[in-house]
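**Q** A single structure is presented below for examination.
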Amino acid sequence: MTEERPVRRSSKVRVAEFLATVGEGNVFTKLQLFQGVPGVAQADRRMRDLRELGWQIDNYKTDPRLQPDEYRLTATGIRIDLGERPKESLRPRISGARRREALERADFVCQTCGTRAGETYADDEDQRATLIVHLIDPAQPISTDPSNLRVECHRCNAGIRGAGRALPTLGEVLTHATALSSRDKKRRLYRLMQSGRPERDEVDVVFAEWLRLGRDDRVDVMLKLAGLLIEED
């Protein structure tokens with residue numbers, strides 16, 4: 001009687017198992033990743049490979065609220081840890097470089113609702129926005145040109161606007177746009193439509209830069225700014 005050998009799981013499958021235990025929307029560190037898959041020397045590289053199977057894993061480059069050693073599992077893809085097999089039609093075709101380019105062009109802001117990555121929603125302060133880059137037109141042949149990429153938060157991408165409200169219709173948006181009370185407001189709306197993102201003043205720009213600093217640096221800037229405010233008073 002021959003002894004059955006245990007089935008050997010690939011490094012990528014083991015990383016997928018670990019991420020599944022982390023759960024969508026949760027943050028983990030690089031150290032936790034390596035501890036979760038002992039013996040896998042290049043666990044971070046295997047994790048990046050999962051992006052080709054539809055797994056969306058954010059880092060500090062795509063979500064300014066994350067620290068350099070932190071990741072967030074934004075969406076699970078093909079569950080190879082459960083035996084699922086990829087189909088060519090399901091493979092995402094947006095490279096990491098293209099995705100970063102789209103996020104930078106959108107200034108890390110949802111192009112639908114204007115919520116910035118890591119910010120809480122006005123109607124739900126317990127939930128923070130995570131951004132997703134998707135194809136506007138997924139028809140063949142696939143184009144990942146910047147003009148075919150759109151950045152949305154996970155709520156807008158799912159067609160949700162807080163409290164389960166559905167996406168507005170064309171008629172509703174047109175009615176609200178034409179009903180704006182002044183010509184200046186209509187002009188401002190038209191400029192926003194042309195640019196594809198909310199207008200931001202210099203305070204918003206500096207705040208976005210501050211969010212991308214490390215924890216200690218953010219505290220240092222806050223304290224120095226507080227000192228300036230006290231002196232000016």
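**Q** Given the Cα-Cα distance of Arg215 and Arg100 and 0.36 nm per residue of separation, how much length would full extension add, in nm?
**A** Working: separation 115, 0.36 × 115 = 41.40 nm, distance 2.25 nm.
Contour length minus Cα-Cα distance gives 39.2 nm.
**Q** Take Trp210, Trp55 and sort them by solvent-accessible surface of the protein heavy atoms, 1.4 Å probe, largest at the top.
**A** Values: Trp210 55, Trp55 5 Å².
From most accessible down to least: Trp210, Trp55.
**Q** Multiplying the sequence separation of Ile136 and Glu231 by 0.36 nm and subtracting their Cα-Cα distance, what value in nm do you get? Write down the numbers at each step before the final one.
**A** Values: separation 95, 0.36 × 95 = 34.20 nm, distance 5.03 nm.
Length gained, Ile136 through Glu231: 29.2 nm.
**Q** Continuing with this model, one more query. Could you work out how far apart the two model spin labels at Leu180 and Tyr60 are, taking each label as a point 7 Å from the Cα in the direction of the beta carbon, and quote it in nm?
**A** 3.9
**Q** A further question follows. How would segment 26-68 be classified by its alpha-carbon gyration tensor: rounded, prolate or oblate, with rounded meaning a/c under 1.5 and the a/b versus b/c comparison settling the rest? Could you put the intermediate results ahead of the total?
**A** Numbers: a/c = 2.29, a/b = 1.27, b/c = 1.80.
It is oblate, given that a/c is not under 1.5 and a/b is not larger than b/c.
**Q** Please turn the phi angles of segment 21-31 into ³J(HN,Hα) values with the Karplus equation 6.51 cos²θ - 1.76 cosθ + 1.60 (θ = phi - 60°), one per residue in order, whole Hz, x for glycine and proline.
**A** With the stated coefficients, segment 21-31 comes to 6, 5, x, 4, x, 9, 9, 9, 9, 4, 4 Hz.
**Q** Between Tyr190 and Thr112, what's the calculated FRET efficiency when r is the beta-carbon distance and R0 is 25 Å? Round to 0.05.
**A** Numbers: r = 18 Å, r/R0 = 0.70.
Working from the Cβ atoms, E equals 0.90.
**Q** While we're here: Can you sort Ile57, Ile136, Ile142 by solvent-accessible area, 1.4 Å probe, largest first?
**A** On the way: Ile57 0, Ile136 95, Ile142 45 Å².
Order by accessible area, largest first: Ile136, Ile142, Ile57.
The values are calculated or read from the model by the stated rules, or taken from the named source; none is laboratory data. Since the model is a prediction, treat every value here as computed from it, not as a measurement. Note: ideal-geometry Cβ built from the backbone for every residue, glycine included; neighbour counts use all protein chains shown. Heads up: the accessible areas ignore ligands, DNA and RNA and are worked out on the full protein's heavy atoms, side chains in. Shrake-Rupley method; radii C 1.70, N 1.55, O 1.52, S 1.80 Å.
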